[in-house]
There are 2 protein chains.
Amino acid sequence: MNKKKVSLKDIAEKAQVSTALVSYVLNGKEKESRVGHEIAVKIKQIAKELNYQPNYLAKSLRSGKTQTIGLIIADISNPFFANIARIVEDEAKKNGYTVIIGSSDEKAEKSWALITVFLNRQVDGFIIVSSENSEEQIEYLIEKNVAFVLLDRHFPDIPTHFVSLNSYKAAFDAGVHLIQGGYKNIGLIAYKSQLFHMQERIRGYRESLAESGIVFHPAWLKEVGFDTIDEEIKVGIDEMLASEFPVDALIFATYRLAITGLKYINALGLKVPDDLAIVSFGQAEVFDLYYCPITYVQQPMEELGKTAVEILIHQLKEPHDEKRQTLMEAQLMARDSSRPKAAIS
Amino acid sequence: MNKKKVSLKDIAEKAQVSTALVSYVLNGKEKESRVGHEIAVKIKQIAKELNYQPNYLAKSLRSGKTQTIGLIIADISNPFFANIARIVEDEAKKNGYTVIIGSSDEKAEKSWALITVFLNRQVDGFIIVSSENSEEQIEYLIEKNVAFVLLDRHFPDIPTHFVSLNSYKAAFDAGVHLIQGGYKNIGLIAYKSQLFHMQERIRGYRESLAESGIVFHPAWLKEVGFDTIDEEIKVGIDEMLASEFPVDALIFATYRLAITGLKYINALGLKVPDDLAIVSFGQAEVFDLYYCPITYVQQPMEELGKTAVEILIHQLKEPHDEKRQTLMEAQLMARDSSRPKAAIS
DNA sequence: AATGTATGTTTAATCGATTAAACAAAAAAC
DNA sequence: GTTTTTTGTTTAATCGATTAAACATACATT
């Protein structure tokens, strides 16, 4: 495309020296390699004149490092992941890394394909938001000695670096919060997924009920498929409301579930929180703008993203340091959507 | 990182042939290069056995093509751009391209820096959402003969490929829609920016008033800075409401302006649309979930993104074809937030 | 038998950088 | 006046692929 890229050789010719000298000078190695002072100055000047920009492909091919991080998330158009992506992008840039992002749509195959493509492009390491059934991929990366950090989700049985949320605690807190508000029939809408973080959210929710002596009714827990959330959420909410013990409060295990659920709740004409209290995971502008601000479990996005990058970069320098496994705590942000029942009537 | 990458050479040694043959075979050139059938089979088999994955750095260095597109947007954490990014990602992947994304935060310097970094990484071309005052960058790319397409925004005075929205028409339609609904004092909140699309939105808005014989009052138009929208929007809305001709309807020129504005409108306790009707550019889930669904100007995101990729890829093949300049039409989606005044009281 | 034409395979240059090692010339040491 | 050391610079291999050109054979033609 470009008219003619300026290469080391061009500078070398113009300065009447070998490319080696040019390379030394432009990489600040003039001292170690004892390059003559005058020639060094001359080289620098010519480089500036020609606006020399090194070819990173060549650099990378030689060094085996691309200064590139592969970020695999579920979907960049989902605000949660978009936020993460932005944080990762900024943090990576600060450290001289570029990020390539790929969306897996929660599909193990897509995630596999992305890993392959990114590996061929020689990324130095990965930050991965794992899909269900992708343990095999993780094992593969471990076996190939590829640097990576799991983000937001991890596999408790596989020793890896990871940064995730204490989902159990977060869900437990959400449940307790509702119970303290006087809600008794609390439902949970989660994804039908064996992913640990999702199972933990379910466990935390159930434990919060148990701890308060509330008997859990199966109709209160709905697990919907990733690809069928629209229909399944509707059915799920219908069933929860029509059950023998109709729910008076609902916890959504993710941002997307909340959005979809709230749309349906609006369509049903239910008033939040009078007809149905709401607590959701994730956070977003929507929650602020809803007629009744939504109580949510605030995830420390900034920290999650930054720590992931930090761990990865550290790992690239010290591949054999022990696995860093971080569980961060979420903070429940109580808003109107879960205001105590007493205060209502 | 990886234990040992398998290279062409490894296969060549194992098959007892030169790397040339291996390269021919694995690139499907066995016919043209008349490679022996048996040896070809053998090579393919060994490649599979060793799970050979070509090194794209080497390929790219040789070919001068990286099959990578640089996407520069304002901010990946903004849903509008995140959506675009996802569409671009998918469309690029379909064509064998990978995308690197960079957020410019509407800053020309950041955009410059991204262009430099991406060029050093030898992207084949760019899709750019331009920042204000970045004409110089565009001229630079033209001069260097780098392939690129402008997305969402363009510079009318610089002949480039671009795909944007007919902002004038969209804003005009928004104005007309409100006027037809019986609103007379219509305000516009836009960005303080000389970017053409923004100026066009302002022009369209004003023209809609003019056409209906409504006298425009300066207090109705607020242009806020990118970095100070929080405060400026508050002041702006206050002034619009307190002016001699208080607004009864408001148009937001972008998604982010709308979000910020609506938060404040909520805080003020104003009821939409009774106290204030709303129409916004952009589209998002928020608009559906607001207590009063927001009327918005629907941009053909899918088409915008796909066309941009298409134009860019075409350009990479035929660098000298004429510039494709596409203006797409938005569609006004009327919702409750701008319901006709008559229907209210 | 001499020449021409397929057929199959290898050689070596190339892309743009890095860097150990070799080399040359000047300065210091004995 | 040699030898050694220091200083400054070049050579050439390397990273992993691609590909034009050279090189062998085998086979066909006259």
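The values are calculated or read from the model by the stated rules, or taken from the named source; none is laboratory data. Since we're looking at a predicted model, the values are computed, not measured. Using ideal geometry, Cβ is built from the backbone for each residue, glycine included, and neighbour counts are taken over all protein chains shown. In case anyone asks, the SASA skips ligands and DNA or RNA and just uses the protein heavy atoms, side chains included. Shrake-Rupley method; radii C 1.70, N 1.55, O 1.52, S 1.80 Å.
Please give the average number of partner chain Cβ atoms lying within 10 Å of the Cβ of each residue in B:20-32, rounded to a whole number.
Partner-chain Cβ atoms within 10 Å, mean over residues of B:20-32: 0.
Around residue B:324, under 14 Å between beta carbons, what's the net of Lys plus Arg minus Asp minus Glu among the other residues?
Values: positive: B:306, B:317, B:323; negative: B:303, B:310, B:318, B:321, B:322.
Neighbourhood net charge equals -2.
What FRET efficiency comes out for the pair residue B:336/residue A:20, r = Cβ-Cβ distance, R0 = 45 Å, nearest 0.05?
That pair, residue B:336 with residue A:20, gives E of 0.05.
Given a 1.4 Å probe and no ligands, DNA or RNA in the count, how much accessible surface is buried by A and B, both sides, to the nearest 100 Å²?
Accessible area lost upon association: around 5300 Å².
Check each of the trypsin sites (Lys or Arg not before Pro) in region B:119-201 and keep only those in coil by DSSP with at most 11 other C-beta atoms within 10 angstrom; list them in order.
Values: sites: B:121, B:144, B:153, B:169, B:184, B:192, B:201; in loops: B:121, B:144, B:153, B:184, B:192.
Answer by residue number: there is no such site.
Taking only protein heavy atoms and a 1.4 Å probe, what accessible area per residue, in Å², does chain B have with all protein chains in place?
43
How charged is the neighbourhood of residue A:340? Take every other residue with its Cβ under 15 Å from the Cβ of residue A:340, and add Lys/Arg as +1 and Asp/Glu as -1.
+1
For region A:8-54, what is Rg from Cα atoms divided by 2.2 N^0.38 Å, rounded to two decimals?
Ratio of Rg to 2.2 N^0.38 Å for region A:8-54: 0.97.
Treat chain B as a sphere of radius equal to its Kirkwood radius over Cα pairs and apply Stokes-Einstein at 10 °C in a medium of 1.306 mPa s; give the translational diffusion coefficient in µm²/s, rounded to a whole number.
Numbers: Rh = 22.9 Å.
For the chosen part, D equals 69 µm²/s.
Taking all protein chains as present, what is the carbon and sulfur share of the accessible area of chain B, in % to the nearest whole number, probe 1.4 Å? If you can, show how the numbers build up before the last one.
Values: 7480 of 14980 Å².
For chain B, the apolar C and S fraction of the accessible surface comes to 50 percent.
To the nearest 0.05, how large is the calculated FRET efficiency for residue A:298 and residue A:41 if R₀ is 56 Å and r is the Cβ-Cβ distance?
Using R0 = 56 Å, I get an efficiency of 0.55.
What FRET efficiency comes out for the pair residue A:230/residue A:65, r = Cβ-Cβ distance, R0 = 41 Å, nearest 0.05? Before the final figure, lay out each step's value.
Details: r = 44 Å, r/R0 = 1.08.
Efficiency computed from Cβ-Cβ geometry: 0.40.
Between residue B:112 and the same site in the other copies, what are the distances in nm, shortest first, taking label points 7 Å from Cα along the C-beta direction?
Once sorted, the set of distances for residue B:112 reads 4.7 nm.
What's the local net charge at residue A:181, with K and R +1, D and E -1, over the other residues with C-beta under 9 Å away?
Around residue A:181, the surrounding residues sum to +2.
Please compute P(r) over all alpha-carbon pairs of the protein assembly as shown, binned at 10 Å starting from zero, and give each bin as a whole-number percent.
Answer for the protein assembly as shown: a P(r) of 3, 13, 21, 23, 20, 12, 6, 2, 0 percent.
Test of the criteria: in region B:13-99, which GluC sites (Glu not before Pro) are in a DSSP loop and have at most 11 other Cβ atoms within 10 angstrom of their Cβ?
Answer by residue number: B:32.
In peptide B:54-61, what is the residue-averaged number of other protein chain Cβ atoms found within 10 Å of each Cβ?
Across B:54-61, the average partner-chain Cβ count within 10 Å equals 6.
When only DSSP loop residues count, what trypsin sites (Lys or Arg not before Pro) in region A:12-45 have their Cβ near at most 16 other Cβ atoms within 10 Å?
Hits after loop and neighbour filter: A:29, A:31, A:34.
What does DSSP give for the protein assembly as shown in terms of the percent of beta bridges that are antiparallel, rounded to the nearest 5?
About 10 percent, rounded to the nearest 5.
Taking only the Cα atoms of region A:71-182, how large is their convex hull per residue, in Å³? Intermediate values should be presented prior to the final figure.
Numbers: hull volume 14.2 nm³, N = 112.
Convex hull of Cα atoms, per residue: 127 Å³.
Treating only the Cβ atoms of Lys and Arg (+1) and Asp and Glu (-1) as charged, compute the dipole magnitude of region B:8-54 about its Cα centre; round to the nearest 20 debye.
Using Cβ point charges on Lys, Arg, Asp and Glu, region B:8-54 gives about 80 debye.
So the label point sits 7 Å from Cα along the Cα-to-Cβ vector; using that for residue B:135, what distances do you get to the other copies, in nanometres, sorted shortest first?
Label-point distances to the other copies, shortest first: 6.1 nm.
Kirkwood hydrodynamic radius, computed over distinct alpha-carbon pairs, for region A:231-272: how many Å, to one decimal?
In region A:231-272 this quantity evaluates to 10.6 Å.
Rg over Rh of region A:141-252, using C-alpha atoms and the Kirkwood radius, what does it come to?
1.07
Given the pairs A:93/B:110; A:93/B:107; B:14/B:42; A:93/A:169, which are separated by over 21 angstrom at their Cα positions?
From the list (A:93/B:110; A:93/B:107; B:14/B:42; A:93/A:169), the Cα-Cα distance tops 21 Å for A:93/A:169.
Return the residues of region B:275-293 for which accessible area with all protein chains present is lower than in the chain on its own by 50 Å² or more; set the probe to 1.4 Å and exclude ligands, DNA and RNA.
Output list: B:285, B:286, B:289.
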